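The structure appears below as C-alpha cells.
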Amino acid sequence: PRVCVVGSGPAGFYTAQHILKHHGGALVDIYEKLPVPFGLVRFGVAPDHPEVKNVTNTFTQTARSGRCGFYGNVTVGRDVTVPELQQAYHAVVLSYGAEDNRVLGIPGENLPGVYSARAFVGWYNGLPENQDLKPDLSCETALILGHGNVALDIARILLSPLQLLRKTDITDSSLAALACSKVKRVWLVGRRGPLQVAFTIKELREMINLPGARAVLDPADFKGLESAVKDASRPRKRLTELMIKTALEKPVEMQAAAAGAAAPREWGLKFQRSPQEVLPSADGRRARGVRMALTRLEGSGDSAKAIPTGDVEELECGLVLSSIGYRSLPLDPAVPFDSQRGVIPNSSGRVEGVPGLYCSGWVKRGPTGVIITTMNDSFDTAQSLLEDLQGGVLDISPSREGFGLVESILHSRGVRPVSFSDWEKIDAAEVARGKAAGKPREKIVDPAEMLRIIGH
C-alpha cells in the first residue's frame, strides 16, 4: 500500500512512523509546504526548550527509512490537489495542523502594537511568513491575553536575560530586537480564575524561577482555593498550590526595592477579565491599553463560564499579544471541514464520508495538547488506517504510482520538491552558522535562501 501524509510536524511524522513500524510493506510519502520539516517542533517550541526538540531525532530516523519519502516545498491544495493525491495513493492522511489563529473579535484588535501569539512565536522562531513582523517593543508594559503555555513562553522570552537567549536557536534578528526592548512588565490576563488556567506546572515553575524577574500574584485571587482544589486532579492541585505559595511569598526583591535598589522586571497573572476593546492612543495610531470586562464564574472546574459583571477596568500597555488559540483552515474544497470547530469531521481519524482519507493532529481534534498528546492521537489514526487495510476496507488491488504520478504533476506546474537529503544540507548550514555564533543553530528564515543552498 502507498500512503501519503500531508504535513511534516509531529502529527505527520508520528502517523508515518506508526504505519511503517506496524506494516512491513507500506510505503509512506510525507509532503510539506515549507522546504524544511518538523512543523511546530521547529517553529512553535520555545528556543530555550531544546530538550523538547529532541523528538526530531526520531523523525529523522523515520524519514531516512527506505520506505519513507519526504517532499518539502510542496503546497497541497495549490501545487497538487487532494483528489490528485487520492489518484496517486491508496490512502491520504491530512496532518497539516493549525496555521491560523483565533481572533478576539473586539474593536481595536487591528491597531499597531497588537499581535497574535502565533505570529509573535513564529517571529522569534524563524517561521518565514512572520519574519517581517517587527514588533514594537518600545513600551514598558506588555499584556498577553491567555493563560496557556504559549502565553507563558512569550512572557518568558520577553523577560529573559539576554545571556540566556544568546545560547539558544532564537533568530538573530529577534535577539537584536529583544536587546533593545523596553518591556519590563508583563501581565497575563484570563477570562476565568486560577482553577481554569491552561498552562502546566513545569512552565509556571520556570517562569517563577526566571532570573531577574519577580512574580506579582495577588493573594486575594486565591482566597478559599485550598478547599476548592481538594477534589481536583493531582496536576491541577499541585499547580494551584504553587500559585498560592507564590502569591503569599514576600520576595527578597521587595526589601531590596525598599532600600532604593532598581526594581527588576516583573510579571503577573490577572484573572476574571475579558477583553472588550483595545484602546487607541490619542493620535489613533497605536494601542495604549485594553478595556476589560470584569467577570464572575458560573459553574466550577474546567466547565466554568465567565459572565461579565457589568464592571470594567482599563489596563495601560503598549504591546498586546493575543494568545487565545490557534485554528485550522480548510485545505482543499474536496475535503469536508467543520468551520465552526475548525476541524475535519472524523471518527478515530477516518474522514467522514470519504473512504481512504484520514486526519491526525490538530486538524483532527483541535489545537490543544503537547507533543505527547499528538503522538497518541496520530498512533490512533494510523491504527484506524491499518485496520482498514487489514479488513479490506481500503482496496489496494489497483496499483498506485505514488510520488511518480505526483512528480509529473508538480513538474508540469513548475514546482521542485525538496528531498530529506536537501533538508540535511540546509540543516548543516544552519548548524555551522550557529556554531560560529555560539548557538546550537542559526535558522535560515528566507525560503529563497534555503533553496539557493541546495542549488534549486
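Only strands (runs of 3 or more DSSP E) whose full extent lies in the stretch 295-377 are considered here, and the ones with at least 3 residues that are open to solvent by less than 30 Å² (accessible area, probe 1.4 Å) and not aromatic (F, W, Y) are 319-322. Identify, please: which residue in the stretch 113-167 is among the basic types (K, R) and assigned to a helix (DSSP H, G or I) and is, among those, surrounded by the most Cβ atoms within 10 Å (Cβ to Cβ)? Per the stated criteria, the residue is R118.
Within the stretch 65-89, residues that are more than 21 Å from S421 (Cβ to Cβ) and of a type in the set (D, E) sit with their Cβ atoms under 8 Å from residues that are crowded, with 22+ Cβ neighbours inside 10 Å and at pLDDT 95 or above, at 6+ positions apart or across chains, in these pairs: E84/V406. On the stretch given as the stretch 21-40, residues that are surrounded by fewer than 21 Cβ atoms within 10 Å (Cβ to Cβ) and touching a helix residue (DSSP H, G or I) at 6+ places or on another chain (Cβ under 7 Å) total 2.
Yes or no, residue by residue, for (1) closer than 29 Å to R291 by Cβ; (2) crowded, with 19+ Cβ neighbours inside 10 Å; (3) at pLDDT 95 or above; (4) of a type in the set (S, T, Y):
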position: R191; (1), (2), (3), (4): yes, yes, yes, no
position: E206; (1), (2), (3), (4): no, no, yes, no
position: N209; (1), (2), (3), (4): no, no, yes, no
position: K250; (1), (2), (3), (4): no, no, no, no
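From T60, T75, which residue is under 22 Å from the mean Cα position of the chain (by Cα), surrounded by fewer than 22 Cβ atoms within 10 Å (Cβ to Cβ) and within 24 Å of I372 (Cβ to Cβ)? Don't jump to the end; show me each part of the working.
Working: T75 fails: within 24 Å of I372 (Cβ to Cβ).
Exactly one residue qualifies, and that residue is T60.
Taken over the stretch 382-426, the criterion of being touching a residue at least 40 places away in the same chain (Cβ under 8 Å) and either charged (D, E, K, R) or open to solvent by 70 Å² or more (accessible area, probe 1.4 Å) (or both) is satisfied by Q383, D388, D395, I396, R400, E401, R413, R416, D422.
The values are calculated or read from the model by the stated rules, or taken from the named source; none is laboratory data. Remember, predicted model here, so these are calculated numbers, not experimental data. In this analysis, Cβ positions are derived from the backbone assuming ideal geometry, glycine residues included, and neighbour counts consider all displayed protein chains. The accessibility values were calculated without ligands, DNA or RNA, using every heavy atom of the protein model including side chains. Shrake-Rupley method; radii C 1.70, N 1.55, O 1.52, S 1.80 Å.
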